[in-house]
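Take a look at the structure set out below.
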Amino acid sequence: MKRPVTLTINGERQEVAVEPWWTLLDVLREELGLTGAKKGCDRGDCGACTVLLDGKPVTSCMVLAVQADGRQVVTVEGLAAPGHLHPVQRAFVDYGAVQCGFCTPGMIMAAVALLNETPHPTEAEVRAALTGNLCRCTGYAKIVQAVMAAAQHGGAA
Amino acid sequence: MHRFDYLEPATLSEAVALLAQHGARARVLAGGTDLLTALKEGWERPDWVLSIGRVADLRYIRYDSRDGLRIGALATVREVETSPLVRKHYPVLAEAAGTLASVQIRNLATLAGNVCRASPSGDTLPALLVLDAEARLVGPSGERRVPLARFFVGPGRTVMEPTELLAELVLPPPRPGTGAHYIKHSLRRAMDLAVVGVAALVALDGETCVDARIALGAVAPTPIRALAAEEQLVGRPITPDAAEAAADLAQAAARPITDVRGTAPYRRRMVHVLTRRCILRAAELAQSQGRLP
Ligand SMILES: Cc1cc2nc3c(=O)[nH]c(=O)nc-3n(C[C@H](O)[C@H](O)[C@H](O)COP(=O)(O)OP(=O)(O)OC[C@H]3O[C@@H](n4cnc5c(N)ncnc54)[C@H](O)[C@@H]3O)c2cc1C
Ligand code: FES
Ligand code: FES
């Protein structure tokens with residue numbers, strides 16, 4: 001039976017009726033139309049569905065929507081006002097860190113989470129923070145460069 | 001995804017009562033990183049999923065020098081990895097926690113869930129074994145404490161009753177002059193399970209080893225202690241020869257299988273290599289600890 005949950009998504013309180021077995025990712029995408037978070041594997045392996053839950057990066061395919069009741073969710077849509085880019089997004093564009101783009105929202109959320117905690121990471125720290133984000137296109141070098149550059153320009157949200 | 005009804009008790013006693021009521025038809029949900037996979041794949045088909053995520057006061061990491069460390073059932077692997085208390089007093093546990101999956105998974109996964117899942121390759125289990133961790137279990141007839149050395153009975157199987165919950169993990173205070181290290185050997189450096197995991201702990205008095213623990217992951221139906229290898233080390237200095245002799249005994253204790261991640265002979269050989277390396281590193285750490293003011 002569906003039950004109501006309250007999520008604060010990108011700063012806005014929303015009430016949604018969810019089945020207990022629905023994941024947060026499915027609710028974001030199918031119920032709320034927030035398709036930034038991607039479903040790559042649905043098993044926690046690829047990181048394409050990464051969002052911030054109470055400020056921490058998590059794979060939203062491995063969270064039930066009922067578990068997120070009452071909590072804060074930030075998706076890639078919430079990083080900057082419409083028409084604007086977050087410094088990490090800007091750096092991804094400038095450094096050519098996007099090819100097909102499927103991994104990009106998850107990469108950006110993982111990178112933003114890192115810079116929030118560690119504003120000036122080493123390259124090793126960037127790579128460690130992106131361990132759970134798979135990219136089939138770029139070979140990662142430009143992604144890492146983009147995150148390092150965003151850090152230099154004060155990429156924390 | 002398998003369909004189920006959802007229960008969300010607010011207290012531990014409520015959780016225990018619900019579990020007693022629904023028994024084998026319920027599954028406990030903590031971080032969900034194992035259970036959700038099982039529900040999606042249909043490996044588990046419970047009528048009820050009982051989330052302990054909102055049970056009050058299970059999310060803590062506490063330390064005092066007399067009783068040691070207590071880690072509540074909801075403390076995440078990431079919290080353990082980054083806890084200043086764990087890093088200071090039990091650095092090998094933080095080290096092992098940091099090898100599990102990704103930041104995103106570690107933010108969800110609980111340490112207690114890694115223990116309850118009882119995977120032979122569970123990354124925190126060898127470290128918890130060398131630290132002499134105990135599980136505090138609560139059930140309908142009260143509570144009991146079980147050392148992890150007697151907790152695992154097979155892949156995915158533990159001494160816990162279906163009506164019991166793991167409330168907290170308890171680690172005795174570290175003795176001075178100890179060093180410990182965990183090595184996870186996996187085929188890929190990221191997002192892969194251990195082919196072999198080895199943890200070693202060494203306590204030194206001057207040059208002499210006065211206590212040792214060696215635990216092996218992914219080479220038997222459960223994580224295991226290599227007791228003969230531990231005994232071999234005690235009472236003498238940790239030299240490369242002593243580490244070699246202990247590694248021989250650790251290799252003999254391993255009973256690995258062949259699977260997609262590695263063959264049994266490969267795993268046995270890696271137990272040897274990694275045990276030797278792990279002991280020598282633990283001894284180095286023990287020595288540098290002894291030199292601290
Ligand atoms: C993509 C991915 C990668 C992974 N990589 C690794 C890895 O590299 N190394 C590794 O060791 N593991 C890995 N895992 C497994 C998993 O993340 C860990 O086992 C995790 O610690 C489980 O904790 P949880 O809180 O998520 O458990 P849950 O999934 O909530 O529960 C796991 C099991 O334990 C039971 N349980 C949990 N808590 C309690 C409790 N307090 N009392 C009683 N029963 C309980 C549940 O009923 C269930 O059977 C990975 C998982 C995923 C999805
Ligand atoms: S879709 Fe969630 S990790 Fe791949
Ligand atoms: S840009 Fe295509 S998967 Fe990363």
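Points to keep in mind about this one:
- Hull volume per residue, based on the alpha-carbon atoms of region B:182-293 and their convex hull, is 97 Å³.
- Kirkwood estimate for region B:88-224, i.e. one over the average of 1/r between Cα atoms, Å: 15.5 Å
- 0 to 90° range, to nearest 10: angle between helix B:12-22 axis and chain B longest Cα axis: 70 degrees
- 5 Å-binned pair-distance histogram of region B:141-193 (Cα, whole percent): 4, 12, 16, 15, 17, 17, 14, 4, 1
- Helix A:104-117 and the longest principal axis of the Cα set of chain A meet at an angle near 80°.
- For chain B, built as a Gaussian network whose Cα springs stay under 10 Å, the top-fluctuating residue of B:S119, B:S51, B:S65: B:S65
- Alpha carbon Rg of region B:1-74, scaled by the compact-globule rule 2.2 N^0.38 Å: 1.28
- Among B:T99, B:T239, sorting on how many other beta-carbon atoms sit within 10 Å of each Cβ, with the fewest leading, yields B:T239, B:T99.
- Among A:F102, B:F4, a tally of other beta-carbon atoms within 10 Å of each Cβ gives an order, fewest to most, of A:F102, B:F4.
- Percent of Cα-Cα distances greater than 24 Å, calculated over region A:20-157: 24 percent
- Rounded Å value of the spacing that divides the Cα centres of region B:253-293 and region B:5-57: 36 Å
- Projected-area average for chain B over all orientations - Cα convex hull basis, square nanometres: 14.9 nm²
- Per-residue ³J(HN,Hα) for region A:76-93, Karplus 6.51 cos²θ - 1.76 cosθ + 1.60, θ = phi - 60°, Hz, x for Gly and Pro: 4, 5, x, 6, 8, 5, x, x, 10, 10, 5, x, 5, 4, 4, 5, 4, 5
- Fewest neighbouring Cβ atoms within 10 Å first, the residues B:T33, A:T6 line up as A:T6, B:T33.
- Taking every alpha-carbon pair in the protein assembly as shown and binning the separations at 10 Å intervals from zero gives 4, 20, 28, 26, 16, 5, 0 percent.
The numbers here are math on the coordinates, done by the rules we state, and not lab data. The structure displayed is predicted, hence computed values, not measured ones. Cβ: placed from backbone, ideal geometry, glycine included. Neighbour counts: every protein chain shown.
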